[in-house]
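In what follows, a single structure is set out as structure tokens and then discussed.
Values in this text are rule-based calculations from the coordinates and carry no lab data. Keep in mind it's a predicted model, so treat the numbers as computed, not measured.
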């Protein structure tokens, strides 16, 4: 059923692209492949937490990719981002399985219900749904978007100061079914991070539920 839903989504995205003119950034991204995206996997200590970012948002290719994904809902951008993420996750999961048998869950940073209705999609969930099957069927991992909920609507982070960003998202997240999270290793994934506030605060309820959490962003601004 999940595979059928993914195929319907992909087909719908293709129809929309055919009927409506592509934005310039999406048109540029559509001409690119995963290997065209400059990657600089880097671990940052932000607000006392370790966050791994895969690319630099200041690079034009990365900015086009993220904006096409976030604002245009580009299926091609989601596929490229999934290819990039899959390469990183394969190594991370293989390394962790040498020392642990914990189940691996992939959790996207959730949007508030009102924001998701307005946008029509969660951009990181689009990326996770575009991952190869082994990241969805439990062979390597399982996608678990319902594990984390955004229970309070927050202002957009982009125009806020560092301290305002931190306060803005504090207490905005809660676990879904906490019993499913205990003893798991969660890769919590966002599109872009600046201060790390969103990832940090989103990870806290998951850790409180008994999960080990790795924080990942596709890019750092």
Study note, to complete from the structure: Residue separation between residue 31 and residue 87 times 0.36 nm, minus their alpha-carbon distance, gives in nm 18.1 nm
Point to revise | Extended-chain gain in nm, criterion 0.36 nm per residue less alpha-carbon gap, residue 121 and residue 152 | key: 9.4 nm
Review point. What is the distance in Å between the Cα centres of the stretch 167-221 and the stretch 106-128?
Key: 14 Å
Revision key, fill the gap. With the 8 Å Cα cutoff and a minimum separation of six or more residues, the chain has a relative contact order in percent of 22 percent
Practice item. Would you mind calculating the gained length between residue 113 and residue 50 on full extension (0.36 nm times residue separation, minus the Cα-Cα distance), in nm to one decimal? Key: 19.9 nm
Review point. Which percent, to the nearest 5, of DSSP beta bridges fully inside the chain are antiparallel?
Key: 30 percent
